[in-house]
Amino acid sequence: MFKEHAKGSEWIFYTLTMARNENLMCFDTRSEHGYLNAFQELAVFAAAERLETGNLDDIRIFIEGVRTNMQVFYTHEDFFNVFPGYVERSAKYLNSQLKALSALLKLNKLHGKEFLIFGIPLNALLRGVALTLASNIRKVASVSVDISLINTVVLLHLQGERQVNIFAGKNHVVRLSKLLELKNLKLKGMTAELEASADLELDGDLNMDQRIIDFSS
């Protein structure tokens, strides 16, 4: 399964491991900490697209996946101390979106997906909140990898390493270039969209979440 689905940095790690490269080390601590793996994340996103149908399995997959990553995130709060206030700021969005989602699921069961809320079809609101929440739980897990990478680079530097080759996804590279203020680094294909996707902060609309929650009360 890994051979069929691995790509990019995962494939590089796999091939170098098989070649028994003694200087190879993995800085991705998501599995170690307990975050969702890539297949579980995909299942959460797929479920988010289908929540309007009211299928109980989709609702369970989505809610359990979101709560798993949220719990891991809060359990490892100290790990994020390098970004003061990050956990507190992120928790506001995660908790708010989960409450809004629960309210929308209740309204969906009572009134159906075509029900209008603030002039917007319920299914559009439900899909929007669900996908934003799914993206946010994936982002906090991704940011934990950035922290692990920074810690690894700093440790290797203190140990006297003069050269370190890093293989990582584009979001990690963009964030690392900013967080460590790397010099003489040229990033090809940098766009405003890529820079926005690599932002540490979570997405969402707290005011809209609260309006949804109040509407369902």
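The values are calculated or read from the model by the stated rules, or taken from the named source; none is laboratory data. From a predicted model like this one, the values you see are computed outputs, not experimental measurements. All Cβ positions, even for glycine, are placed from backbone atoms using ideal geometry, and neighbour counts span all protein chains on display.
For the list (1) within 14 Å of the chain's Cα centre (by Cα); (2) without any contact (Cβ under 8 Å) to a residue 40 or more places away in the chain; (3) within 22 Å of A43 (Cβ to Cβ), I need the number of the one condition that A141 fails. Of the numbered conditions (1) within 14 Å of the chain's Cα centre (by Cα); (2) without any contact (Cβ under 8 Å) to a residue 40 or more places away in the chain; (3) within 22 Å of A43 (Cβ to Cβ), the odd one out for A141 is (2).
With the condition kept exactly as written, say whether any residue in region 204-216 is outside any helix (DSSP H, G or I), under 25 Å from A91 (Cα atoms) and at pLDDT 80 or above. Yes, because at least one residue in region 204-216 is outside any helix (DSSP H, G or I), under 25 Å from A91 (Cα atoms) and at pLDDT 80 or above. Within region 50-65, the set of residues being of a type outside the set (V, I, T) and either in a helix (DSSP H, G or I) or within 23 Å of S31 (Cα to Cα) (or both) comprises R50, L51, E52, L56, D57, D58, R60, F62, E64, G65. Scanning region 147-175 for residues that are within 16 Å of the chain's Cα centre (by Cα) and free of Cβ contacts under 8 Å to residues at least 40 places away in the same chain yields a count of 6. Taking region 113-134 as the range and being part of a helix (DSSP H, G or I), touching a residue at least 12 places away in the same chain (Cβ under 8 Å) and surrounded by fewer than 17 Cβ atoms within 10 Å (Cβ to Cβ) as the test, only L131 passes. Among the residues making up region 10-31, those that are of a type in the set (A, V, I, L, M) and over 22 Å from K170 (Cα atoms) are M18, A19. Residues of region 90-106 include none that is surrounded by fewer than 21 Cβ atoms within 10 Å (Cβ to Cβ), more than 25 Å from R175 (Cβ to Cβ) and touching a strand residue (DSSP E or B) at 6+ places or on another chain (Cβ under 9 Å).
Would a scan of region 94-101 turn up a residue that is within 24 Å of H76 (Cα to Cα), within 14 Å of the chain's Cα centre (by Cα) and of a type in the set (A, V, I, L, M, F, W, C)? For region 94-101, residues within 24 Å of H76 (Cα to Cα), within 14 Å of the chain's Cα centre (by Cα) and of a type in the set (A, V, I, L, M, F, W, C): present. The residues in region 66-112 that are in a helix (DSSP H, G or I), farther than 20 Å from D205 by Cα and among the aromatic types (F, W, Y) can be counted, and the count is 4. Considering region 28-47, the residues that are among the small types (G, A, S), part of a helix (DSSP H, G or I) and more than 12 Å from the chain's Cα centre (by Cα) include one that is modelled with the lowest pLDDT, namely S31. When D78 is tested against (1) surrounded by 15 or more Cβ atoms within 10 Å (Cβ to Cβ); (2) farther than 18 Å from A134 by Cα, just one condition goes unmet, and that condition is (1). Taking V87 and the conditions (1) touching a residue at least 24 places away in the same chain (Cβ under 8 Å); (2) under 24 Å from D146 (Cβ atoms); (3) surrounded by 16 or more Cβ atoms within 10 Å (Cβ to Cβ), which numbered condition does it fall short on, given that it satisfies the others? Unmet condition: (1).
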